[in-house]
Amino acid sequence: MAARASSTAAGSKAEFLKQRASQWGLRMSIENTYLSWTRNGVIATVAGCAMIQYKVSAEHLNRMPVSGFGCLLLGCSFWCLGPINYMWSYWVVREQLAMLWTDWAWVWFCGVGPPSLWLGSVYSFVHGAPPFVKRAMLDMDDREMLPNALRSSPSRRYRDDDDQELLLNKLRSRSVLRMPNLANTTWHWAHDGTNVNAKLALHKGGTVGWCSITSLAEAIPSKAEDGSWDQDAEDPSVLNLKVQGFMHRWRLEERGRVAVLEEPMRSPPSRMFLKVANVSRSSV
């Protein structure tokens, strides 16, 4: 009797394995279909991010361009519909595939993990990293195992004196690159780094014209305030600006098309966006 039971169990296991092997092609078909969904989602997301970066850089938009937002929505649809189709397909053929609990664990991991990672990444790209993520990254900033690219402070990416000197040399070499001549240029000031609320004109001779702004298209001169400006002689990427009696130190980025406030420090830092399209380039 024991031998017969053992033989029956062995036969049942062999039949079970044979059934799973015969349906392996079906399982691979479901996996490949899900891969196509996710691949299309990644392509649409990358296209959307590229459009956003290009529009913001080329046209100095202070909002997300419609084209880029549309591609992000397309990527979102792929990332939402793909996992639903993936898990539903497994549910429909669960008996044919003789699904075990380990199989279901794998299905749930693949159906929930990658979409969650994508959602968190896109959210951070659009809205910025959540505060708890920023705090966690700052707390881990001094840990040796943290990749250099994830460190918050560039100076902490270099551990010895030679590497720090290399960093300083790189920064100096960047600062002496040819920067735009800012005389007779117009800038949009975003106090919070995003929403424009003032317009400045940097006049030849070091004077500044300032007025409040109600929209990107129209500036209504209100009590125009005069100030002064100059570029640092040793570091042309530094713009010193005095407006309404307050000194501001700006760092020119993106080849002089964007200025980021360094002093006084703000969080998030204020930004200025160059309005004039044609700017002469010369060393200052």
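Taken together, the values in this text are just the output of simple stated rules run on the coordinates, not laboratory data. As the structure is a computational prediction, the values presented were derived from the model and not from experiment. Neighbour counts are summed over all protein chains in view; Cβ atoms, including those assigned to glycine, are modelled from backbone coordinates with ideal geometry.
Summary table
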read-out	value
Efficiency of FRET between PHE125 and VAL42 - r from beta-carbon atoms, R0 22 angstrom, step 0.05	0.95
5 angstrom amide H check on ALA198, placed H, neighbours 5+ away	TRP189, ILE213
Entries of LYS55/LYS242; LYS55/LYS134; LYS55/LYS199; LYS134/LYS275 with Cα pairs more than 25 Å apart	LYS55/LYS242; LYS55/LYS134; LYS134/LYS275
